[in-house]
C-alpha cells in the first residue's frame, strides 16, 4: 500500500510530493497569519472591554457551521479559479477558534492582576498588550493550534477546484482509481498536521512566560 | 432562496439524507465514547493511550478518511457507510475526551456519599455520575453534531448524498443558487440541531438552574 508513497519518481518534478507539501504548508501558514491578524485583535478587544462578548460567541458559532466546501465553491463561482477562493474558505474556517480562544483567554485573566496593572499606572493599551495578552497566551495558542489542525486537514479540499496542495494526491488518486496515491495524500496530511502542531507547541514554549505553565503533572490547571 | 422553494422535493430529499448521515454517526460515536471515556476518567494508562490516539484520528482529513474507508471495509465507494464510519470515528475521538473530562469533574464528595448510601457501581454510574456529567458531555455533543453536519458535505466530493450534492452540482453547472441553497440548509440544520441539544440538556439537568 505504501508503494506509491515511496516510489522515488513521485518525489521529484513540479508535481512531486515535496512541491505538494510546500504548497500545502504555504496555504496553511498564510491562512493562519491572515486569520490571526483579523481574529486576535477582535477577540482581545472584546475580551478587554467586556462589551459584545455575545456577538463574538454568536459569530464564531455561526462561522463554524459554514461548510468550507460550499464557501470554496461559491467564491470560485464568483471570483474564478485560483488560490484566492482557497484563502477565503480557509480563513473563515480558522477565525472562529482563534477568536474564541483569544476572547476566552483575555476574559480569564485574573481581575486582581488587571487591577494591579492599572494600579501601578499602566495605560489601557499597556494593560492589554503587556498584561492581558501575555497572560492569555496559553488559551490563545490553544485556539490557534486547534485552527492550525483544522486548516491543515481542510486545505486538502482546495484540490477539488483545481488548486494545489496534498489534496491533489487524494483527488487525482480518486480520479485514477489509484488507491496508493489517495492513501499517500491522507498519510502526508496527517503527518504534516502533527509536524505543524509540534512546531507551534515549540513556539508556545518559547513565547509563553514560564510562570504560566501548569504546575506539576496530572493535576487540574 | 427561490431555488429551495422551486425544488422543494429535491431539497427535502437531500435534507433527509444529510440529517441521517450526520445524526447516525453522532449516536454511534457517543454510545462508544461512554465506556471509553469512563475508562479514561479512571485510569491514567487509559488516558495515555486514548487521548493521543484520538488526537491523531482528528488530524486525518475527512476527505481522506472517506476515500480510504471503502477499501478498508471492502464496500463500494458510493455506500453511505463510507460517511457514517469516518464521522462516527471523529465523534468518538471528540467525545472520549468530553466524557472523560465530564466524569472526572463529578465532585468526589457526591460520589463518596452515593457509595456510603450503598449504591452499586453500575447504579451509581447511571443515576449519579452520568447525570452530573451531562452538562459537559452535552457541550461536547453540540460541537460534534455541529462539525458532523458541516462535514457530511465532504462526502459529496466523492459522489455521496446530502447538501454536498447541491455544492458539487452547482459547481459543475455554474449554478450559484444551488450552492447557496445547500449552504443555507446546512447552517439552518446546524442551528436547529444545536438548539435542540441545548434544550435537551436543560430538560435533563433541571438542578443546574435551581437556586439561581
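Since every read-out is calculated from the coordinates, none of them should be taken as a lab result. Model, not experiment: these values are computed from the prediction. Because the Cβ atoms are built from the backbone with ideal geometry, glycine has one as well, and the counts that use them run over all protein chains shown.
Under the definition of Cα pairs under 8 Å and six or more residues apart, what whole-number percent is the relative contact order of the stretch B:2-203?
28 percent
Based on DSSP H runs of at least 4 residues, each adding -39500 (n - 2.57), what is the mean residue ellipticity at 222 nm of chain B after dividing by all its residues, to the nearest 500 deg cm²/dmol?
So the calculated ellipticity at 222 nm is -26000 deg cm²/dmol.
If you average the C-alpha positions of the stretch A:190-212 and of the stretch B:135-202 separately, how far apart do those two centres end up, in angstrom?
If you average the Cα positions of each part, the centres end up 31 Å apart.
Take every Cα pair under 8 Å in the stretch A:117-221 that's 6+ residues apart, average their separations, divide by the length, and report that relative contact order as a whole percent. Walk me through the intermediate numbers first.
Values: 72 pairs, mean separation 24.5, N = 105.
Taking the mean separation of contacting Cα pairs over the length of the stretch A:117-221, I get 23 percent.
Fewest to most neighbouring Cβ within 10 Å: what's the order for B:84, A:140?
Ascending number of Cβ neighbours within 10 Å: B:84, A:140.
With the cut-off at 32 Å, report for the protein assembly as shown the share of all Cα pairs above it, as a whole percent.
Tail of P(r) above 32 Å: 42 percent of Cα pairs.
Describe numerically, in nm with one decimal, the distance between label points set 7 Å from Cα along Cα→Cβ at residue B:209 and at residue A:51.
3.1 nm
How do B:117, A:122, A:99 line up, fewest other C-beta atoms within 10 Å first?
Lowest count first: B:117, A:122, A:99.
Provide B:12, B:38 in ascending order of the number of other Cβ atoms located within 10 Å of each residue's Cβ, fewest first.
Ascending number of Cβ neighbours within 10 Å: B:12, B:38.
Would you mind checking the stretch B:46-69 for residues with the amide N under 14 Å from a putative spin-label position 7 Å along Cα→C-beta of residue A:11?
Answer for this model: none.
Taking a ≥ b ≥ c as the square roots of the Cα gyration tensor eigenvalues, with a/c under 1.5 meaning rounded and otherwise prolate when a/b beats b/c, else oblate, which class fits the stretch B:69-108? Please report the intermediate quantities before stating the final value.
Details: a/c = 6.51, a/b = 4.64, b/c = 1.40.
Prolate, since a/c reaches 1.5 and a/b exceeds b/c.
Assuming R0 = 60 Å, what is the FRET efficiency of residue A:78 and residue B:122, from their Cβ-Cβ distance, to the nearest 0.05? Provide the component values of the computation, followed by the final result.
Details: r = 57 Å, r/R0 = 0.95.
Given R0 = 60 Å and the Cβ-Cβ separation, E is 0.55.
Could you give the angle, 0 to 90 degrees to the nearest 10, between helix A:179-207's Cα long axis and the longest principal axis of the Cα atoms of chain A?
With rounding to tens, the tilt is 20 degrees.
Taking chain B as a Gaussian network, Cα atoms linked when under 10 Å apart, which of B:66, B:56, B:96 shows the biggest mean-square fluctuation?
Comparing B:66, B:56, B:96 in the GNM, the peak value goes to B:56.
Shape of the stretch A:16-209 from its Cα gyration tensor (a ≥ b ≥ c, root eigenvalues): rounded if a/c is under 1.5, otherwise prolate when a/b > b/c, or oblate?
The shape class here is prolate.
Mind checking the angle between helix A:17-49 and chain A's longest principal axis? C-alpha axes, 0 to 90 degrees, to the nearest 10.
That works out to roughly 20 degrees.
To test your reading of the geometry: what angle, between 0 and 90 degrees and rounded to tens, separates the Cα axis of helix B:62-73 from the longest principal axis of chain B?
Approximately 80 degrees, to the nearest 10.
For chain A, what is the calculated [θ] at 222 nm in deg cm²/dmol (nearest 500), taking -39500 (n - 2.57) for each run of four or more DSSP H residues and dividing by its residue count? Intermediate values should be presented prior to the final figure.
Working: 9 runs with 157 residues, N = 221.
The helix-only estimate for chain A comes to -24000 deg cm²/dmol at 222 nm.
Evaluate the Debye formula for the stretch B:2-203 with equal point scatterers sitting on the alpha carbons, no solvent, and hand back log10 of I(q)/I(0) at q = 0.15, 0.16 Å⁻¹, in q order, two decimals.
Here the Debye-derived log intensity ratios amount to -0.93, -1.02.
Contact order normalised by length for chain A, with contacts defined as Cα pairs under 8 Å and 6 or more residues apart; what percent is it? Let's see the in-between values first.
Numbers: 276 pairs, mean separation 55.8, N = 221.
25 percent.
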